[in-house]
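Working notes, structure below.
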Amino acid sequence: MKKYLLVLNFMTLISATMASDMTSSDDVCLLSCARPLAGKAYFEHCYVMLTKGDQVLDSRGYFGDVGSIREPAPGLFQGKCEEVKRRVTMREWQKVTETFDKQKASDYSATSHNCCSVTLEAILEALGEKGIPDNAISANSGIGTRKKC
């Protein structure tokens, strides 16, 4: 019984340490990324990544055929990522993912509701207007992210 309690306490300690590492916002960053769309040199694909150092903790992208998903191989493709806000909380990240996850593939529109507009919407929902990087607004020449008059 003592061994069981010792193992249980040890596992609780490890879990608490890992959870504290994951929720610590000291070096967790939210990045807005834009990369060239495969086979389409003039268009970009936008997505977000949550990183800690060089490690990608999570990511989200929005696609017309599947809706919102974890971005496939977010660090593999050449693209430009800009830091949205240093010291992002896990609650802010949860707001970002909730915004992505409520998107339906059937709502996709290349000109008004695309991966870049959803990226911008998610950042605005989670963090407000402060700290929005240029690539979240200017990707695809602002198609889908430009405010209408």
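For this structure, a couple of remarks:
- Across segment 122-137, coupling constants 3J(HN,Hα) worked out from phi with the 6.51/-1.76/1.60 Karplus curve, θ = phi - 60°, read 5, 5, 5, 4, 7, 10, x, 7, 6, x, 6, x, 4, 5, 6, 9 Hz, and Gly and Pro carry x.
- Virtual spin-label span in nm between F77 and D134, 7 Å along Cα→Cβ: 2.2 nm
- Extension gain for A110-K52 works out to 17.7 nm (0.36 nm per residue, less the C-alpha to C-alpha distance).
- For Y62, net neighbour charge (Lys/Arg +1, Asp/Glu -1) across residues whose Cβ lies under 11 Å away: -2
- Net charge of Cβ neighbours under 10 Å - reference E92; Lys, Arg +1; Asp, Glu -1: +3
- Here segment 103-148 is assigned +1 on the Cβ of each Lys and Arg and -1 on the Cβ of each Asp and Glu. Its dipole about the Cα centre then comes out at about 140 debye.
A short reminder: the numbers here are calculations on the coordinates, not readings from a lab. Please read these numbers as outputs of a predicted model, since none were measured by experiment. So basically every Cβ, Gly included, is an ideal-geometry build from the backbone, and we count neighbours across all protein chains shown.
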